[in-house]
Amino acid sequence: MRYAANLSMLYPDRPFLRRFEAARASGFSFVEFLFPYEAGLEAVEDALQTNHLQVVLFNLPSGHWDRGERGIAVLPDRRREFRDGVEEAVHYAQRLGCARINCLAGIRPPGLSAEEAWATLAENAGYAADRLAEYGKTLMVEPVNSFDVPGFFLNTTAAAETLLENLKRPNIRIQYDVYHLQRMQGELIANIRRLGPVIGHVQIADNPGRHEPGTGEINYAHVLQALESLGYDGYVGLEYIPLADTDAGLKWLAPERR
C-alpha cells in the first residue's frame, strides 16, 4: 500500500500551495486533497512538479462548500452544474495525471423525497463514470457519516453497494473512509473483507476527534493488515486533523512507507 498526505487536512499552519513542499519534506511521494479549483490548475500543477509529487485523488466540484454544501449529486435542479463540474474535473485530472475522482453525493434538502434524490444521484454518477471512462479514470463514491454531516444522503456501505450494483459501470469504486464508517456502522474489518473487490481508495483517521491513528479507538494495525491480506495495492489517504504538529503526529507511519 502507498500512503498519500491529504493536503486539505495536514499542515494546517501553511497556505494550501505551501503544503506540497511540506509533504515532500515529510517524505511523501503521493498527495490527495479535497479540491484543486480555487488554487488554480497552473499553480497546483507547478506545486506537484516542483516537489516531485503525484496526486492520487480529488473531488468533483461540490457546490458552495463555505456555505455548508457537501456535494450536489442528489439535487435535481443542479444537474447542469454537476455536469459542468465533471468537465472541469476531467480537465484538471488530465493535466495533473490523477486517475481517481471522488463524487460527494450531498445533503438531501427538506422537501426532496429519498426516491427522487436516489434517481438523481444514480443519473449523475452514471454520467460522471461514463465521462471519466473515456479518459481511463475511475469514479469514487464515498459514504459519509451523518453525525458529522447531518442529512448526508449516501451514508453507509450498503447504500454505496446498491448504487454500484444499479449502475453496473466497471469504473466505479467505493471510497472506504475508515473514520466515517467507524462512526456510522462499525464492523470495519468484516466490511473490508466483504467489499474488497470494489474498494478503490481508502482514507483514514481515528475516532473520536478525527486525529491521526493511535489517538483513538480504532486498531489500525488490524485494519491495515486486513487490507494488505486482501491484496489491496491502492492508496491510503491520511485525511485527518493533526492533534498537534503534523510531522510529530506522523510517528505512527514509518518513513519508508511514505
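With respect to ARG70, is the statement that it is of a type in the set (D, E, K, R), under 28 Å from ALA122 (Cβ atoms), modelled with pLDDT of 95 or more and under 18 Å from the mean Cα position of the chain (by Cα) true?
Numbers: of a type in the set (D, E, K, R): yes; under 28 Å from ALA122 (Cβ atoms): yes; modelled with pLDDT of 95 or more: yes; under 18 Å from the mean Cα position of the chain (by Cα): yes.
Yes.
Rundown of residues vs (1) outside any strand (DSSP E or B); (2) within 17 Å of LEU10 (Cβ to Cβ); (3) free of Cβ contacts under 8 Å to residues at least 60 places away in the same chain; (4) not polar (S, T, N, Q), yes/no style:
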position	(1), (2), (3), (4)
PRO208	yes, no, yes, yes
GLY214	yes, yes, yes, yes
GLU217	yes, no, yes, yes
HIS222	yes, no, yes, yes
LEU227	yes, no, no, yes
ILE241	yes, yes, no, yes
ALA244	yes, yes, yes, yes
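Considering each of ALA73, ALA89, ALA47 in turn, give the residue that is hydrophobic (A, V, I, L, M, F, W, C), in contact with a strand residue (DSSP E or B) (Cβ under 7 Å, 6 or more places away or on another chain), surrounded by 23 or more Cβ atoms within 10 Å (Cβ to Cβ) and part of a helix (DSSP H, G or I).
Numbers: ALA73 fails: part of a helix (DSSP H, G or I); ALA47 fails: in contact with a strand residue (DSSP E or B) (Cβ under 7 Å, 6 or more places away or on another chain).
Only one candidate passes the filter, namely ALA89.
Please state which of the following conditions GLU212 fails to meet, knowing it meets all the rest: (1) surrounded by fewer than 22 Cβ atoms within 10 Å (Cβ to Cβ); (2) in contact with a Gly (Cβ under 6 Å, 6 or more places away or on another chain); (3) of a type in the set (Asp, Glu).
Tallying (1) surrounded by fewer than 22 Cβ atoms within 10 Å (Cβ to Cβ); (2) in contact with a Gly (Cβ under 6 Å, 6 or more places away or on another chain); (3) of a type in the set (Asp, Glu), GLU212 fails exactly one: (1).
Any residue that is part of a helix (DSSP H, G or I), closer than 18 Å to ALA73 by Cα and without any contact (Cβ under 8 Å) to a residue 60 or more places away in the chain - is there at least one of those in region 95-105?
If we filter region 95-105 for residues that are part of a helix (DSSP H, G or I), which is where we start, we get 95-96.
Now restrict to residues that are closer than 18 Å to ALA73 by Cα: none.
Looking for residues that are part of a helix (DSSP H, G or I), closer than 18 Å to ALA73 by Cα and without any contact (Cβ under 8 Å) to a residue 60 or more places away in the chain, one finds none in region 95-105, hence no.
Output the residue which, of all residues in region 148-168 that are in a helix (DSSP H, G or I) and free of Cβ contacts under 8 Å to residues at least 24 places away in the same chain, is surrounded by the most Cβ atoms within 10 Å (Cβ to Cβ).
Here the residue is ALA160.
Can you find a residue that is under 15 Å from LEU60 (Cβ atoms), crowded, with 16+ Cβ neighbours inside 10 Å, over 18 Å from the mean Cα position of the chain (by Cα) and of a type in the set (Ser, Thr, Tyr) anywhere in region 113-135?
Yes, region 113-135 has at least one match.
The values are calculated or read from the model by the stated rules, or taken from the named source; none is laboratory data. On a predicted model such as this, the values are computed, not experimentally measured, just so you know. Please note: Cβ atoms are built from the backbone with ideal geometry, for glycine as well, and neighbour counts cover all protein chains shown.
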